[in-house]
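J.: This is the structure I have questions about; it appears just below.
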Amino acid sequence: MDDKIVIDVARLDPEGETLSGEADIVKLDEEFVKSKGPAKYSLHARMFGDELLVKGRLEQAWTMVCSRCARDFESVTVVEDYVFSAEIGKKEQFFDLTNDARECIILDLPNFPLCDGECPGIAGKSESRPDERWNALDAMKLD
Ligand SMILES: [Zn+2]
């Protein structure tokens, strides 16, 4: 399983190319959210002069902890309109999209995920508070 999304700039079709597949780029393993399997991607990459433009779709499955009832549940993040562009040096043969795509997926995570929009929270608690473990997301570093 690839753990990177790398664009072969030197061989990119001048008309653009569609790149799709699966790559284990997220690898998030926090107490409250874990990536489940590889990210799926379907991207279109094209050079415009010195500029690489990538557009497409990213998808990542998760196991998360509900911020109301603290139960584990499964969820999927879909980024339908991923866009990336960068100027590419003439000597650059490959461009590694991994970090940007990973960041985009992680930033799309909800602040307070719910197992269900109607989740009643933990029975017996009059007030439901977000699970404090989710605070860790704010402190998490994206590389
Ligand atoms: Zn819940």
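J.: Can you tell me which residue within the range 109-124, out of those that are open to solvent by 60 Å² or more (accessible area, probe 1.4 Å) and hydrophobic (A, V, I, L, M, F, W, C), is nearest to the chain's Cα centre (by Cα)?
T.: Per the stated criteria, the residue is Phe112.
J.: Also, quick follow-up: If a residue has to be more than 24 Å from Val9 (Cβ to Cβ), in contact with a Leu (Cβ under 7 Å, 6 or more places away or on another chain) and either at pLDDT 95 or above or more than 16 Å from the ligand (Cβ to nearest atom) (or both) to count, how many in the range 65-85 make the cut? Explain how you work it out, then say what you get.
T.: Of the residues in the range 65-85, the ones more than 24 Å from Val9 (Cβ to Cβ) are 65-78, 80.
The next check asks that each one be in contact with a Leu (Cβ under 7 Å, 6 or more places away or on another chain); those that pass are 66-68, 77.
Then keep just the ones that are either at pLDDT 95 or above or more than 16 Å from the ligand (Cβ to nearest atom) (or both); that gives 66, 77.
Here the count works out to 2.
J.: May I ask you to list the residues in the range 76-108 that are in contact with a helix residue (DSSP H, G or I) (Cβ under 7 Å, 6 or more places away or on another chain) and open to solvent by less than 40 Å² (accessible area, probe 1.4 Å)?
T.: Residues of the range 76-108 in contact with a helix residue (DSSP H, G or I) (Cβ under 7 Å, 6 or more places away or on another chain): 77, 79, 82, 84, 88, 92-95.
The answer is Thr77, Val79, Tyr82, Phe84, Ile88, Phe95.
J.: For Ser20, indicate whether it is open to solvent by 60 Å² or more (accessible area, probe 1.4 Å) and at pLDDT 95 or above. Walk me through it before giving the result.
T.: Numbers: open to solvent by 60 Å² or more (accessible area, probe 1.4 Å): yes; at pLDDT 95 or above: yes.
Against the criterion (open to solvent by 60 Å² or more (accessible area, probe 1.4 Å) and at pLDDT 95 or above), Ser20 qualifies.
J.: Among Trp62, Trp134, which is at pLDDT 95 or above, among the aromatic types (Phe, Trp, Tyr) and within 16 Å of the ligand (Cβ to nearest atom)? Reasoning before the result, please.
T.: Working: Trp134 fails: at pLDDT 95 or above.
Residue meeting the stated conditions: Trp62.
J.: Can you pull out every residue in the range 1-22 that is out of contact with any Phe, Trp or Tyr (no Cβ under 7 Å at 6 or more places or on another chain) and touching a residue at least 60 places away in the same chain (Cβ under 8 Å)?
T.: The answer is Asp3, Lys4, Ala10.
J.: If you take the residues in the range 43-59 that are aliphatic (A, V, I, L, M) and open to solvent by 40 Å² or more (accessible area, probe 1.4 Å), which one is nearest to the ligand (Cβ to nearest atom)? Don't jump to the end; show me each part of the working.
T.: Here is the first cut: in the range 43-59, the ones aliphatic (A, V, I, L, M) are 43, 45, 47, 52-54, 58.
Those still in the list that are open to solvent by 40 Å² or more (accessible area, probe 1.4 Å) too: 47, 53.
Details: Met47: 46, Leu53: 40 Å.
Only one residue fits best here, namely Leu53.
J.: Looking only at residues in the range 1-17 that are touching a Lys or Arg at 6+ places or on another chain (Cβ under 9 Å) and open to solvent by 80 Å² or more (accessible area, probe 1.4 Å), which one is farthest from Val76 (Cα to Cα)?
T.: Pro14
J.: Do any residues in the range 71-91 that are more than 23 Å from Gly117 (Cβ to Cβ) and in contact (Cβ under 8 Å) with a residue 12 or more places away in the chain have Cβ atoms under 8 Å from those of residues that are open to solvent by 80 Å² or more (accessible area, probe 1.4 Å) and of a type in the set (Val, Ile, Thr), where the two are at least six apart or on different chains, and which pairs are they?
T.: none
J.: Given (1) within 16 Å of the ligand (Cβ to nearest atom); (2) open to solvent by 80 Å² or more (accessible area, probe 1.4 Å), identify the lone condition not met by Lys40.
T.: Unmet condition: (1).
The values are calculated or read from the model by the stated rules, or taken from the named source; none is laboratory data. Just so it is clear, the structure is predicted and the values come from calculations on it, not from any experiment. Note that each Cβ is placed from the backbone with ideal geometry, even for glycine, and that neighbours are counted across all protein chains shown. Surface accessibility is based on the protein's heavy atoms, side chains included, excluding ligands, DNA and RNA. Shrake-Rupley method; radii C 1.70, N 1.55, O 1.52, S 1.80 Å.
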